[in-house]
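Please treat every number below as a calculation from the coordinates, not as lab data. Note that the structure is a prediction, hence the values are computed from the model and not measured. We place every Cβ from the backbone using ideal geometry, glycine too, and count neighbours over all the protein chains shown.
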Ligand SMILES: Cc1cc2nc3c(=O)[nH]c(=O)nc-3n(C[C@H](O)[C@H](O)[C@H](O)COP(=O)(O)OP(=O)(O)OC[C@H]3O[C@@H](n4cnc5c(N)ncnc54)[C@H](O)[C@@H]3O)c2cc1C
């Protein structure tokens, strides 16, 4: 629902999200001389800026996520994309032929096509104590905050590749690292599991979840619950690093776009959603592998599909105008 | 020097000067990491809207940044960046770790008014 009264600015395509998928779509569309607006509620680059080093992006030997994001942003701007970051979508009507989007409750934009490239966000445990102790023991980035925990006892929550790899990297600083994982097995690659399991500084507690983080000014201990017998246990820890995966950012699209059971957007192989003129790309869609390369690939396909869609829309209008004249 | 579009503070004396010459000052002390970049980005976005506030960054690993690292308000911090808000030369708020634009905005409104 759009409430604000400011004049509507029109673009050929609006892209929601400026991660690698959205920026790639922007580059392709703007290069094809389409007018493109990219809106991001956070920082341009998306999850790439969470990544200290990207070593598996073909053609680039080793680059920080921030630099790769900045390069993509510069490229998109160079071709003429307008990028707005740090701005919230406050209203949206994308079901009809003309799509309209309200930003920050004051600016209105419309377009013929929309690409949703909203990616994912880190899953949090959702505990009040987690929020309160963020930056005071609770962290989501081992490379950023690991050195605050020299010779201390810490925990890592999670059981995927990120949790396992970060647990190993934290042993450079910490006296002990306890991995707490809810299942009876890890979901990481065999080499990552092996490295963590065999590390002398790492202890592993399976089938357990965090119930509470204790501490007034700083984290002191973690209460965990054994899922098999329900028993509670307190572990002394001054740091807790949380790596429990990512969830798609599809909240604003619920009830508008078809989602699967995991709340991911359902697309066909051309990145079309169930709504005409609305496409989706990147981590936000239903798929198995989530990488920068796959996001870039989806973004490319979505942009080319949008071009096709806009061309046929234009041809239809020209044809109907021509038939009216003749 | 940090690769941001903010004004950079490079020494303790520069920080003292900025804080004594301006009523409202926000300084984000961090690195070019994933928890810090979103805070710089939020500040760059808010700079235009909050003309009554001066926005700066400072490199955490600069030895001169001990002027921020050793503030009593940052004593319990263990997450980058350390973000400090000064009013009339005094620290009125300090936060540790990543903050969203809305969280930063709420502090600016509360401590400095819009
Ligand atoms: C710690 C970490 C390390 C990683 N390492 C690697 C690696 O080494 N190699 C690799 O290939 N991949 C890596 N990945 C995965 C890779 O970063 C992601 O697969 C990729 O960034 C997904 O791109 P995306 O554009 O789909 O989404 P994202 O990167 O998540 O970007 C989505 C953007 O959309 C914005 N957004 C969301 N909702 C809205 C909304 N409603 N309105 C406006 N904007 C919105 C967000 O703010 C965000 O900027 C890593 C991920 C993480 C978290």
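In table form, for the structure just shown:
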item	result
More than 21 Å apart - percent of Cα-Cα pairs taken over the stretch A:1-158	56
Cβ-derived FRET efficiency at R0 60 Å, residue A:312 paired with residue A:218, nearest 0.05	0.50
Helix axis angle, A:161-170 relative to chain A longest principal axis, alpha carbon, degrees	50
Pairwise centroid distance, computed over Cα atoms, of the stretch A:24-52 with the stretch A:213-241, Å	40
The stretch A:76-132, Rg to Rh (Cα coordinates; Rh as Kirkwood inverse mean 1/r)	1.11
Against the rule of thumb 2.2 N^0.38 Å, how large the Cα Rg of chain A comes out	1.15
Percent of Cα-Cα distances greater than 13 Å, calculated over the stretch B:1-68	61
Mean projected area in nm² (Cα convex hull; one quarter of hull surface) for the stretch A:215-274	7.6
By average C-beta atoms within 10 angstrom, highest first, the peptides A:207-215, A:175-183, A:151-159, B:86-94	A:151-159, A:175-183, A:207-215, B:86-94
Kirkwood hydrodynamic radius of the stretch A:220-326, Cα pairs, Å	17.8
Helical contribution to [θ] at 222 nm, DSSP H n ≥ 4, -39,500 (n - 2.57), averaged over the protein assembly as shown, rounded to 500	-8500 deg cm²/dmol
Principal axes of chain B: Cα extent on each, largest first, Å	33, 30, 27
Per residue Cα convex hull volume in Å³ - calculated over the stretch A:269-319	62
Highest average packing first - A:298-310, A:134-146, A:118-130, Cβ atoms within 10 Å	A:134-146, A:298-310, A:118-130
Mean Cα-pair separation over length for chain B, i.e. relative contact order, pairs under 8 Å, 6 or more apart, %	33
Kirkwood hydrodynamic radius of the stretch A:32-96, Cα pairs, Å	13.5
Descending semi-axes in whole angstrom, ellipsoid equivalent of the stretch A:124-242, from the Cα gyration tensor	20, 18, 12
Computed over the stretch B:71-111, the ratio Rg/Rh where both radii use C-alpha atoms and Rh is Kirkwood	0.96
